[in-house]
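Single-structure report; data block below.
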Amino acid sequence: MVSGLAKKKTSGDFPGGSTPPGDGRPCPGGPRSGAMAEFLAGCRDESPLLLGVVPFGMMYGIAALAAGLPAWMAQLASAVVFAGAAQLAIVQMLSAAAGLLPIGLTAGLLNLRHILYSASVADHLRHLPRRWRVLLAYLLTDEAYAVAILRYQARGCGKGGAGGGGPTDFRHWYFLGCGFTLWLCWQLSTAAGLVFGAGIPPDWDLDFAVPLTFLALLTLLVRERSGQAAALGAAFGALVFAPLPYNLGLVAAIVLGLAVGFRVAERKEPDR
């Protein structure tokens, strides 16, 4: 659940220790930077978040094999679906012999948050041709969104930001760098789980990877009251609805968190 992003960040708030200033320097992709520079900057700033992604991907690969999926199908799912939380939930539900309906419902609701992400970045990317928007929609993940939107907001990029859609606007290359870095890491970590999963000692508990990944995102993004309320509401819902079967408690917690966050945001709106 990510909403209500802060307007200004410091170097300590941004992955990799980089400093995306909001002091009048050009937006990502301004005339003083090129496409490759922005792409590499995105790769660099995304890298610290890979610490939680690697064991997350390995855990998915191990769980997929345990659920009876062929290795090629598990790897193909990572390349095509590219949605870690949904993939992990699906293989866990397959292991529990869940039906197709609850599996599809869970996967769909888990990914509803991407609608919020895409709405948030729309102003920064709507000038792009369709092929670019389709590619970036495919690469849109929690981690890529978090890093990219912080950079855009910190440098004051928006509808009227510098480089707004002109020939020297390369901000989408930054997003591409973030998304590609995450995508490549997810493919490699999935393959590592499929190949080496059987040899990993049982006492190596990889389950920590999922909360580690999302705690890192919470640290980056949950700054305003609506985001904090959404996080608290979802945490409360996860505890209350935990007994529900087929991981439906997680789905209910997501819906509760969204409802609480929207409610708080609506109450703040008249004051703006």
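Just a few scattered comments:
- Applying the condition of being in contact (Cβ under 8 Å) with a residue 12 or more places away in the chain and surrounded by fewer than 18 Cβ atoms within 10 Å (Cβ to Cβ) to segment 87-101 and asking which residue is farthest from LEU136 (Cα to Cα) yields ALA96.
- Candidates are the residues of segment 239-251 that are part of a helix (DSSP H, G or I) and at pLDDT 85 or above; the one that is surrounded by the fewest Cβ atoms within 10 Å (Cβ to Cβ) is LEU239.
- Any chance PHE262 is outside the structural domain of ARG113 (by TED's automatic domain parsing), surrounded by fewer than 21 Cβ atoms within 10 Å (Cβ to Cβ) and modelled with pLDDT of 85 or more: no
- Qualifying residue in segment 144-152 (condition: over 27 Å from TYR60 (Cβ atoms) and at pLDDT 80 or above): yes
- Candidates ILE90, ILE62 - the one that is within 21 Å of ASN111 (Cβ to Cβ) and of a type in the set (Val, Ile, Thr): ILE90
- Selection count where residues are surrounded by fewer than 14 Cβ atoms within 10 Å (Cβ to Cβ), at pLDDT 90 or above and not aliphatic (A, V, I, L, M), scope segment 109-140: 4
- Counting the residues of segment 67-95 that are more than 19 Å from PRO245 (Cβ to Cβ) and not β-branched (Val, Ile, Thr) gives 16.
- Flag for GLY99 being assigned by TED's automatic domain parsing to the domain that holds TYR145, at pLDDT 85 or above and of a type outside the set (Asp, Glu): no
The values are calculated or read from the model by the stated rules, or taken from the named source; none is laboratory data. All of these numbers come straight from a predicted model, not from anything done at the bench. Virtual Cβ from ideal backbone geometry, glycine too; neighbours counted across all protein chains shown.
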